[in-house]
Amino acid sequence: MKAIAEVIDTDALQAMAHPMRLEILAALREPNSAAAVARGLGQPRQKVNYHVKELERAGLAHRVGERRAGNLVESLYQATAATYVVSPRLAWVDRPRIDALAEQVALENLVAVGERLQQAAALLLDRAAFDGEQIASAAVEAEVRFADAAQRKAFLAEYVSAIGPLLKKYGDAQGDSYRLVLAVHPDSKETS
């Protein structure tokens with residue numbers, strides 16, 4: 001099982017849309033049978049089995065083995081990932097958005113950084129929730145204003161100059177690894 005999977009397929013998104021299926025995926029973090037999941041959820045076995053098959057069809061769960069239960073042999077299923085994040089790109093099927101991302105490299109990079117940040121936060125949440133870890137994390141957000149493109153360019157140059165020595169000082173191979181992200185973009189409140 002992967003730690004995280006990005007949902008980029010409409011079939012997978014539709015499969016996840018049913019609330020019971022989200023509960024089933026949570027129950028299938030460990031291999032289990034549809035019957036055992038049904039007992040845990042207090043639902044009929046046939047109903048849960050149907051939803052497990054739909055999750056399997058969408059690629060969100062897969063058969064991992066079987067076990068004998070009395071005279072029966074039960075199929076065991078497991079979620080394909082411990083957690084799922086839905087890519088915002090799934091909703092961006094229109095040509096203007098696709099073209100804008102293709103034409104504006106910095107904007108495409110901002111979107112990609114946002115997706116990586118979403119995935120990292122989900123993985124850290126799982127470590128806190130399921131492994132009991134205390135996650136050392138921080139987020140800094142600030143608002144700055146630029147009168148024009150020249151001032152924005154000057155800010156970025158000063159920022160790179162200021163942070164360069166810090167990155168060099170703390171960027172060696174010793175110690176725990178942390179990811180630092182700075183994103184500069186127009187405030188969505190100003191542009192909407």
If amide H atoms are built 1.01 Å from N in the plane of the peptide, which residues on other chains or at least 5 residues away come under 5 Å of the amide H of residue 4?
82, 83
Karplus-derived HN-Hα couplings along the range 101-114 (A = 6.51, B = -1.76, C = 1.60, θ = phi - 60°), whole Hz, x at Gly and Pro
5, 6, 8, 10, 4, 5, 5, 4, 5, 4, 4, 5, 5, x
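Which GluC sites (Glu not before Pro) in the range 111-192 sit in a loop by DSSP (not H, G, I, E or B) and have at most 15 other Cβ atoms within 10 Å of their own Cβ? All intermediate terms of the calculation are to be shown ahead of the outcome.
Values: sites: 115, 133, 141, 143, 158, 190; in loops: 133, 141, 143.
Within the range 111-192, the qualifying GluC sites (Glu not before Pro) (loop, at most 15 other Cβ atoms within 10 Å) are 133, 141, 143.
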Square roots of 5 times each gyration tensor eigenvalue, C-alpha, the range 118-192, largest first, Å
30, 20, 8
Residue by residue through the range 17-22, the couplings from Karplus 6.51 cos²θ - 1.76 cosθ + 1.60 with θ = phi - 60°, in Hz, x for Gly and Pro, are 5, 7, x, 5, 5, 5
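At most 14 other Cβ atoms within 10 Å plus a DSSP loop assignment makes a site exposed; report the longest stretch of the chain without any exposed chymotrypsin sites (Phe, Trp or Tyr not before Pro).
Working: sites that count: 92, 146, 178.
Longest gap between qualifying sites, sites excluded: 1-91.
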Any idea what the dipole of the chain comes to, in debye rounded to 20, about its Cα centre with Lys/Arg Cβ at +1 and Asp/Glu Cβ at -1?
600
Explain nothing, just compute: Karplus ³J(HN,Hα) = 6.51 cos²θ - 1.76 cosθ + 1.60, θ = phi - 60°, for every residue of the range 178-187 in order, whole Hz, x for Gly and Pro.
10, 9, 10, 10, 10, 10, 10, 7, x, 5
Any idea which of 31, 90, 154 is furthest toward the positive side of the dipole for the chain, if Lys and Arg beta-carbons carry +1 and Asp and Glu beta-carbons -1?
31
For residue 20 and residue 181 in one chain, what is 0.36 nm times their gap in residues minus the Cα-Cα distance, to one decimal in nm?
54.4 nm
Please go through the range 135-192 and write out the trypsin sites (Lys or Arg not before Pro) that DSSP classes as loop and that have at most 11 other C-beta atoms within 10 Å.
145, 179
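Which whole-number value in Å³ per residue fits the convex hull of the alpha carbons of the range 59-122?
Numbers: hull volume 6.6 nm³, N = 64.
Hull volume normalised by residue count: 104 Å³.
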Tally up the carbon and sulfur contribution to the accessible surface of the chain as a whole percent, 1.4 Å probe, everything protein left in place.
54
Return one number: the angle in degrees, 0 to 90 and rounded to the nearest 10, between the long axis of the Cα atoms of helix 45-57 and the longest principal axis of the Cα atoms of the chain.
40
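Using the heavy atoms of the protein chains alone and a 1.4 angstrom probe, what is the accessible area of the range 1-101 per residue in square angstrom? Walk me through the numbers before you get to the answer.
Details: 5720 Å² over 101 residues.
Heavy-atom accessible area per residue stands at 57 Å².
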Restricting to bridges with both residues inside the chain, how much of the DSSP beta-bridge set is antiparallel, in percent to the nearest 5?
65
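The chain: D in µm²/s via Stokes-Einstein (Kirkwood Rh, Cα pairs, 37 °C, 0.692 mPa s)? It would help to have the intermediate numbers written out before the result.
On the way: Rh = 20.5 Å.
In µm²/s, the coefficient is 160.
The values are calculated or read from the model by the stated rules, or taken from the named source; none is laboratory data. Owing to the predicted nature of the structure, the values given are computational and were not obtained by experimental measurement. When we count neighbours, we look across all protein chains shown, and the Cβ atoms used for this are built from the backbone with ideal geometry, even at glycine. These area figures cover heavy atoms from the full protein model, side chains too; ligands, DNA and RNA do not enter into them. Shrake-Rupley method; radii C 1.70, N 1.55, O 1.52, S 1.80 Å.
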